[in-house]
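The values are calculated or read from the model by the stated rules, or taken from the named source; none is laboratory data. This structure is a prediction, so every number in the text was calculated from the model and none was measured. For neighbour counting, all protein chains shown are included, and Cβ atoms are generated from backbone atoms with ideal geometry for every residue, glycine included.
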Amino acid sequence: MPNINHAVLIAVPAHRVYAAITSSQGLSAWWTPNVLAEAKEGSVVRFPFGAHYYKEMRIIDLVPDKLVAWHCTAGADEWVGTDLNFKLNQTDRGTILRAHPELQGQLEQAAGEELTILRFCHNNWRGETLMYAECNYTWGSFMRSLKRYCETGNGTPWPLQHRG
């Protein structure tokens, strides 16, 4: 089964990224407006995309400032049964240069000293379909939106995610 993976360097402490992916306010600011979320294992988060479509994710694991894991229970057929993970690693410039030289390009553009590496994975897709490819592209846009929201307070959630 194919998986979607992204690595994003965000120039804020891990607790700010964690809040952005566990709170209704944060999720609404970078992914889609009007999210209903409770940061509690076993709870279901509802992500509306317009008046007639939504996705729901069951929270399967929460480790403050380290991990958020969801299992998709409602949405487009190809989404249902997939798993999404946000792994956070708070670090510093020296460690990144030594341990993760592949992030040097992102590091050169990062402002500030408090840094978090976000590893995002959307796993267990049934195949490399057009929806899988489009979602891979769109997740890149949303990862940029999450980064912007954490660093500036302004994300570009749906339906504006593909604009500048």
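Number of residues in segment 131-150 that are farther than 22 Å from V80 by Cα and buried (at least 17 other Cβ atoms within 10 Å of the Cβ) equals 5. Among the residues of segment 107-130, those that are at pLDDT 95 or above and crowded, with 16+ Cβ neighbours inside 10 Å comprise L115, T116, I117, L118, F120, C121, H122, W125.
Exactly one residue out of L103, L88, L97 is exposed (fewer than 13 other Cβ atoms within 10 Å of the Cβ) and either part of a helix (DSSP H, G or I) or in contact (Cβ under 8 Å) with a residue 60 or more places away in the chain (or both): that is L97. Among the residues of segment 64-82, those identified as surrounded by fewer than 16 Cβ atoms within 10 Å (Cβ to Cβ), farther than 22 Å from H15 by Cα and either touching a Ser or Thr at 6+ places or on another chain (Cβ under 6 Å) or not small (G, A, S) (or both) are T73, D77, V80. For segment 11-40, filtering for residues that are out of contact with any strand residue (DSSP E or B) (no Cβ under 9 Å at 6 or more places or on another chain) and not in a helix (DSSP H, G or I) leaves 1.
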